[in-house]
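Written out below as C-alpha cells is the structure these notes cover.
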C-alpha cells in the first residue's frame, strides 16, 4: 500500500509546485482512485485516517470537481500530499 500512497503524493507535490498543472483532470483521477483504495484499508484500521482520506477524496473527486483559486488549490494539493506521504510512510 505504500506505492498507492506515494504515487498521488508525488503527483500532488508536482502540481503544488506548478510543474504538473496541465494535467489537472488526470491528477484528480489518480488521486481519487488511490485514495479510495486507501480508504477501504483505513476504514478497518483507523477512523481518523479514514476521515482524513475521505476529505481528500471529496476535494479531489473527478466527477464533480470543486473550483478553487489557484493559490487555494496549491495549498490543498500540498496539504493532501503531506497527508498521503505520512500515511504511506507510517505503514512501513
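The numbers here are math on the coordinates, done by the rules we state, and not lab data. These numbers were taken from a predicted model, which means no experiment stands behind them.
Taking Cα atoms only, the orientation of helix 47-59 departs from the longest principal axis of the chain by about 20 degrees. The GNM of the chain, with springs linking C-alpha atoms under 10 angstrom apart, assigns the highest mean-square fluctuation among 36, 17, 78 to 17. Quick one: helix 70-90 against the long Cα principal axis of the chain, what's the angle to the nearest 10°, folded into 0 to 90? Tilt of helix 70-90: around 20 degrees. Comparing 74, 28, 43 in a Gaussian network model of the chain (Cα springs below 10 Å), the most mobile by mean-square fluctuation is 43.
Working note: 222 nm ellipticity from helices only, DSSP H runs with n ≥ 4, each -39,500 (n - 2.57), summed and divided by the residues of the chain, gives -26000 deg cm²/dmol to the nearest 500. Evaluate the relative contact order of the chain (contact order divided by residue number), counting alpha-carbon pairs under 8 angstrom at least 6 apart; express in whole percent. Relative contact order of the chain: 47 percent.
Most mobile of 12, 54, 24 per a Gaussian network model of the chain (Cα springs, under 10 Å)? Top of the fluctuation ranking is 24.
With N the number of residues in the chain, Rg(Cα) / (2.2 N^0.38 Å) evaluates to 0.99.
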